[in-house]
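Q: Provided herewith is a single structure, encoded as C-alpha cells, for subsequent inquiry.
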C-alpha cells in the first residue's frame, strides 16, 4: 500500500462558531460537511434497517415463528424496504455526490450551496418522520410499494400509512432539490478543460442518476399526492367503491420505481469504476462505452416499469413489449461487467479492501443480473414474482450491487474525508464476512422461491420444503450482522487511529487526490485546468495513460466558480505549489476566496416544511385533531418566513 | 503471501457452503415446487425456465470463471513489469454487446410465443370457476354447477378450468405453484387464468399479493379429482347440508394437530401425491388422509383455551338460528349472510381460517370463541364469553355450535 507517511494536515485554528462544534454542522453550506452528514445519517439508518432485517430473519428461521406478531412483521418488512431504499442507499449516493462531485470536477462547492443544505435537512426530517410511526406504535405497514387500495383509508385506517405517505412526500422534495442542484453543478462548475468526456466516471454516473431523480420523483410525488388527498381529504383517486382503477397506482409507482432501481445502482457502478482502475493500475477499459451504457441504462430504465406487473393481467401485447425492453436493458448492463473485467485483465491487481468490494460487486451483481433476465420473461415471471426468488434477485442487485459498491467507495474515499485510512485487516474481515454472509442469506432464497415460498409472510408451516433454506438464510443474516459491527468499529476507530493517508494514498488518477486530506473548505486554492481524464497519472505515471486520447493543453473556459473570483492555473501535477504545502494551508479569507456564508436558514425552512406536514398528520390523530389546521398553517408561515430570510440574505459575505 | 492463501481458502469455503446449501435444498421434499408442473400451462413456463436456466448458467460460469482467472492471474507480484495500458478495444466491445443480444433473442422468441399461447382465450368447454378474493379467504363459485364454496377448490382431472379472478376488497393473487403461474385479483376488474390439471392430487394454493395483516394466512387447498368424483362432489355441494351429527368432544387429544403438537401434525400420509378418495358416503376429501404438506396446523395462542366439553349438534343448531353468525354466513335453508364464507357444507371441509387450522371440534370452538386471536386481523369478531364480553357464549355453547357446524356435511 502506497501510504504516504506525512504529518496530518493542520489548519488555521477555527475562530468562529461556524467552524467548529454543533453549530458548524447545523449551519454548514459546505458540500463536504453536508456529504458527511448524509454519510453518517445513512449509516445510522443502515443499522436500523439491518436490525429490522435481523428480526425478520429470526422470525422466519423456522416454521411458525413466534418472535413478532403479524402486524409487527408487516411493519418490519415495510420499513426494512423503505429504510434501505430511501434512507440508506439513496443518501449513501447523496453522500458521495456531495462530497465527490465538486472535488472531481474541480469546483469549490455545488451550484446552490444553501439549497444543498436544505436538501439534507429535509431528508433528515423526512427520514425521522417516516420512522416516527415506531414511536406511536404505528409504523407504515403497507409495503414499500404501498399498493392501493390496501393503502387507502378504507383498508388502512391507522396512522401507519399516513407516516409513509407524508414521509415519502418530504423525502421526494429533498431528492428533487438535490437533483437539480447537481445537474447545475456538473453542467456549470466544471474546471477549465474538464470536458464531459474527461469527467471522472463516478461524476458521469452521478450525472445520469440526477436526471433519473428529477424525472422519476415527480411521478411518485403525483402518485403519493393522490393517495394523500384520498386519505386526508376524501378524494377518489384510488377509492374502489367509487370505481377507481387500482392499477393507476401501480403504473405510477413503478414508472418511478424502476428508474429508482437505477438511481440505487448507478452511483455504485460509478464508485467501482473509480476503484477498479486504481487498483488494477490501468485506465478504465472503454471509458466512452461505460459512459454511453450508463446513459442508455438511464433511458431504458424508463421503459421497463411494467415488468413489475406481469401478473396483473395487462394482456399479451403489453407483456411482450415490457418483457423485451427488460431484456434489452441487460445489454448495457452486461457491457459494464465485461468492461470492468477487461479493466482488470492484464492489470497489476492490489487486493485492498475497496478493491475486494469492487470485485465482490462484479461477482454478485452478475448473479442478480442473471436472475433478473430469468424474470424478464413474463411467463417465467408468473412462477417467480412475489416469491422469495424475487427477494433473492433484488438482494443480489441491491446488496451485492449497490451496497458492495458503496462499501468499496467508503473504504476508498474514507482517507480523503478524514485524512486517515480505514484498517485494512478489519476491512478484509468485513469483506469476507459480508461476502459469505450475503451468499448464505440470499442464495437459498432462490430455492425457497422456486419451491413456492411467497414473499411478505410472517409465518409458514413446516413440511413445505422451506425449512432448510430459511434456517441458512437466517445464519447468513447473522453473519452479515457481525460483518456490519466490524465495519462500524473500523469506521469509528480509524477516524482517530487510522494510518495517516496523505493526499493520495492509493495512487489514484483523478484530481480530488491532489488535495490535502481532508481538503480545505474551499477545495482548490487555484482552480486547476484539466488536460486529460487521468491528470495525476499523466503527472506521476505517464506510461499508464500514454494510450488514452489526450487533447492539447491551453483550452480555457471561463465560468464562474462559487467564490466568484477566479484564477486559472494550469494543473501540473501534485508538485504544483498549491498542493505542495501539507501543513497549515491558508484559510479562504487569507486567500481572498469568497465562500458562501454558513447559515441556519435552510434548516429553519425545512423545519417549517416538516411542521406543516406534522399538522396534516394531526388531522388523523385522536387527541390533537383540532390542532391540525393551526399547526399546518404555523408550519407554512414558518417555512415562508425562513425562505424569505434565506432568499434575501446574500450567499457570500458582503465585503471580504 | 499467506494472506493470498488465506483469501483463497476462505473463497473455497464460501463456494463449498453455497453448493452444500444448493444440494440440501434439492434433496428436501418440495411439495410446492414450480419445477415439476402438473398442467400444460406449467409445462410451457417450465420449458422457458429451462432455457433461461441453461443460458443463465452458461453466462454465470463464463463471467465468474473469467473473474476468478483474472483475480488469480493478474494479482500484483514483486518485480512485475508495468501493465499494458489498454484503454479500450472496439472490436471486443462490439462482440460483447452482440453476444448477449443474441442470447436474449434466443430467449425472447419463445417468451413471446408462450405469452400469446398461454394468454389466449380458454378453450371452449372449459369449466369456469369464479375466484373471489376476500381479506383473508377465498370464495370459489362454479356457475355451471351452481355451487359456491370457500377455501377448498375441487377440480376434475383432464378438463381445462378457466378461472375468472375477482376481488371483493384489496388486491390478491391466485397461485397454485404446482399447477402453473399466478394471476392477480384486481379490484373492479376480472382477470382470467386457465390450465388443465393432468393428475389427481392435493395441492397447496396461496395468496401471493400482499393484502394486509393476514396475507400469510390466506391459503387454500386444491383437490384434483377424477371427473366422476368431481360430479358427485358438485351434486353434493349444490344441495343443502347433509346433517350428520356425531359426538364431538373438544378435548385436545382428539386431534394430534393441537397447540402443543403444532410442529408434529398427526397426519400420517407423507406421500406428496396422495390420491384423493371418497370417505364413506361423502364425495369430499377425507381430512385425515391429507398429505403432511397439505395438513393445516398452526399453534393456537397459549392463553386461548377451552374446557373439555362435548358438543351437541342439536343444541348447536338451536343456538345458531339466533346467533350473530347468521348475519354473515350462509347455511342453505337456515341463514343467508354473504359477508363470510359459506357454511352449508362446512363439516366436509378439512380446515378452518383459510387453511390455518384443522377443522376439528376444539379448533372450531376456539375459532368461534376468539377468531382474531387465532388469525390476526380476522374480520370475524370474538363470540366467546370474556370479561369484556360477558354476554358471549360459554364453552358448552361454543362446543355445541362447533358440533352443529361440523355436522353440516
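Coordinate-derived values only; no laboratory data. Bear in mind that the values here come from a model prediction, so they are computed numbers and not experimental data. With ideal geometry, Cβ positions are generated from the backbone for all residues, glycine too; neighbour counts draw on all protein chains shown.
Q: Cα axis of helix A:90-105 to longest principal axis of chain A: angle in degrees, 0 to 90, nearest 10?
A: Between helix and principal axis, roughly 20 degrees.
Q: Across peptide B:291-301, how many C-beta atoms of other chains are within 10 Å of each residue C-beta, on average?
A: 3
Q: Another question about this same structure. Compute the separation of the alpha-carbon centres of the range B:304-345 and the range A:26-66 and state it in Å as a whole number.
A: So the two Cα centres are separated by 49 Å.
Q: Using helices alone, I'd like the mean residue ellipticity at 222 nm for chain A: each DSSP H run of four-plus residues gives -39500 (n - 2.57), total over residue count, nearest 500.
A: Taken over chain A, the calculation gives -20500 deg cm²/dmol.
Q: Could you list A:416, A:61, A:589 in order of exposure, starting from the residue whose Cβ has the fewest other Cβ atoms within 10 Å?
A: The most exposed by this proxy come first: A:589, A:61, A:416.
Q: Can you tell me how much longer the chain between residue B:73 and residue B:61 gets when fully stretched, taken as 0.36 nm per residue apart minus their C-alpha distance, in nm with one decimal?
A: Difference between extended and current length: 2.6 nm.
Q: Residues of B:202-209, mean number of Cβ from any other protein chain within 10 Å of their own Cβ, rounded to a whole number?
A: For this peptide, the per-residue mean of nearby foreign Cβ atoms is 5.
Q: Under 1.5 on a/c is rounded, so check that first for the range A:601-648, then, if it is not, pick prolate when a/b is larger than b/c and oblate when it is not; a ≥ b ≥ c are the square roots of the alpha carbon gyration tensor eigenvalues.
A: Here the range A:601-648 falls in the prolate category.
Q: Compare the peptides B:139-151, A:522-534 by average per-residue count of other Cβ atoms within 10 angstrom and give them in order, highest first.
A: A:522-534, B:139-151
Q: Something else about it: Quick one: go through the range B:48-66 and flag any residue whose amide nitrogen is under 18 Å from the point 7 Å out along the Cα-to-Cβ line of residue B:116.
A: Backbone N within reach: B:48.
Q: OK, next. Stretch residue A:493-residue A:644 to full length: gain in nm at 0.36 nm per residue minus the Cα-Cα span?
A: Length gained between residue A:493 and residue A:644: 50.1 nm.
Q: Right, something else. If one computes the Cα centroid of the range A:190-262 and of the range A:68-105, what distance in Å separates the two points?
A: 16
Q: What is the order of A:205, B:244, fewest Cβ neighbours within 10 Å to most?
A: In increasing order of surrounding Cβ atoms, one gets B:244, A:205.
Q: Here's something else I'd like to know. Can you work out the PRE-style zone for residue A:64? Point 7 Å along Cα to Cβ, and I want the residues of the range B:340-363 with backbone N under 11 Å.
A: B:357-358
Q: Just grab the label-to-label distance for residue A:184 and residue A:136, each label 7 Å out from Cα along the Cβ direction, in nm (one decimal).
A: Here the modelled spin labels are 3.5 nm apart.
Q: Same structure, new question: Take the alpha-carbon centre of the range B:142-192, take the same for the range A:388-418, and report the distance between them in whole Å.
A: So the separation of the two Cα centres works out to 41 Å.
Q: So if each residue of separation counts as 0.36 nm, and I subtract the Cα-Cα distance between residue B:305 and residue B:98, what length gain in nm does that give?
A: 67.8 nm
Q: At what distance in nm do the modelled label points of residue B:36 and residue A:72 sit from each other, each positioned 7 Å from its Cα along Cα→Cβ?
A: Label at residue B:36, label at residue A:72, 3.8 nm between them.
Q: Provide a whole-number value for the mean count of partner chain Cβ atoms within 10 Å of the Cβ atoms in peptide A:334-342.
A: Rounded to a whole number, the mean comes out at 6.
Q: Please give the FRET efficiency for residue B:228 paired with residue B:385, using the beta carbon to beta carbon distance and R0 = 35 Å, rounded to the nearest 0.05.
A: 0.15
Q: Separate question: Helix A:160-188 sits at what angle to the longest principal axis of chain A, using alpha carbons and giving 0 to 90 degrees rounded to 10?
A: Rounded to the nearest ten degrees, it is 30.
Q: Let's test the formula: R0 of 45 Å, r as the Cβ-Cβ distance of residue A:295 and residue B:338. What FRET efficiency results, to the nearest 0.05?
A: Plugging the Cβ-Cβ distance into 1/(1 + (r/R0)^6) gives 0.20.
Q: Determine, for A:521, A:590, the number of other Cβ atoms within 10 Å of each Cβ, and report the residues in order from fewest to most.
A: In increasing order of surrounding Cβ atoms, one gets A:590, A:521.
Q: Extending each Cα 7 Å along its Cβ direction at residue B:109 and residue A:229, get the distance between those two points in nm, one decimal.
A: Between residue B:109 and residue A:229, the simple spin-label model gives 4.9 nm.
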